[in-house]
């Protein structure tokens, strides 16, 4: 991945994101709860590297602390979407025709439900929280992952080596994880990277609607939602979190493409030679 420009860019950006998230646990330039009423919406300065928000809090410190919230949301969303998607794929390629056809029909019906609507329904009993974002996005992205990976999973499920493994007494779960999952891994990698990038955008959108990260918890979406009303007067307060979201989303998408190319023997000559 490092030998290609896109892979190098993705690794650098994601590495810095993880490093800043860890550092923010122990240090930020200013306390998150320190406000200065005399320097509200101030421009970048030596004391406040990216300026301050409407309460006089240091914007750079809030963005640093928000990086760990967004990283947690991305990791949990991708893990939930991958597990849910793989479970749905196993149902769709099942040898039981009723289960396979029923799961396909159910996925086609559920995938039409917008993620925002799912989040709004979950927010009623649970309130605004990180769990609402993870469950809503993980559910929607898992459905999409299963639908995209289904054709390749079916090709693997009806291949000769799968038939041979079943004829030799291998159990269905063992065949699925040994033969089918490795064949759809490139698709899973790309879809998970797309889900990670979309989860960052979804956090910003759901937080703006009031069903995402609760007030008082630092996140990039929270910084955007509190500043977007004054974009015509103080554009820099919206520029910094928006720029961070854009760079990270691009890096996550490029990471998935670079990882797929690096792990595919048909594309990577070094791996094919090894």
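Here are a few things to note about the model shown:
- Flag if residue 41 is more than 30 Å from residue 184 (Cα to Cα), touching a helix residue (DSSP H, G or I) at 6+ places or on another chain (Cβ under 8 Å) and not in a helix (DSSP H, G or I): yes
- Among (1) within 25 Å of the chain's Cα centre (by Cα); (2) surrounded by 18 or more Cβ atoms within 10 Å (Cβ to Cβ), the one test that residue 25 misses: (2)
- Residue in segment 262-272 that is surrounded by fewer than 18 Cβ atoms within 10 Å (Cβ to Cβ), under 17 Å from the mean Cα position of the chain (by Cα) and either in a helix (DSSP H, G or I) or at pLDDT 85 or above (or both) present: no
- In the condition set (1) modelled with pLDDT under 95; (2) surrounded by fewer than 18 Cβ atoms within 10 Å (Cβ to Cβ); (3) out of contact with any helix residue (DSSP H, G or I) (no Cβ under 7 Å at 6 or more places or on another chain), residue 79 is compliant with all but (1).
- Complete set of residues in segment 213-233 that are at pLDDT 85 or above, touching a helix residue (DSSP H, G or I) at 6+ places or on another chain (Cβ under 8 Å) and outside any helix (DSSP H, G or I): 213, 217, 218, 219
- Selection from segment 91-105 of residues that are surrounded by fewer than 14 Cβ atoms within 10 Å (Cβ to Cβ) and either closer than 30 Å to residue 202 by Cα or touching a residue at least 40 places away in the same chain (Cβ under 8 Å) (or both): 95, 105
- Within segment 96-115, considering residues that are touching a helix residue (DSSP H, G or I) at 6+ places or on another chain (Cβ under 7 Å) and in a helix (DSSP H, G or I), the one nearest to residue 221 (Cα to Cα): 115
- Breaking point among (1) in contact with a strand residue (DSSP E or B) (Cβ under 9 Å, 6 or more places away or on another chain); (2) surrounded by fewer than 18 Cβ atoms within 10 Å (Cβ to Cβ), for residue 237: (2)
The values are calculated or read from the model by the stated rules, or taken from the named source; none is laboratory data. Just so it is clear, the structure is predicted and the values come from calculations on it, not from any experiment. In this analysis, Cβ positions are derived from the backbone assuming ideal geometry, glycine residues included, and neighbour counts consider all displayed protein chains.
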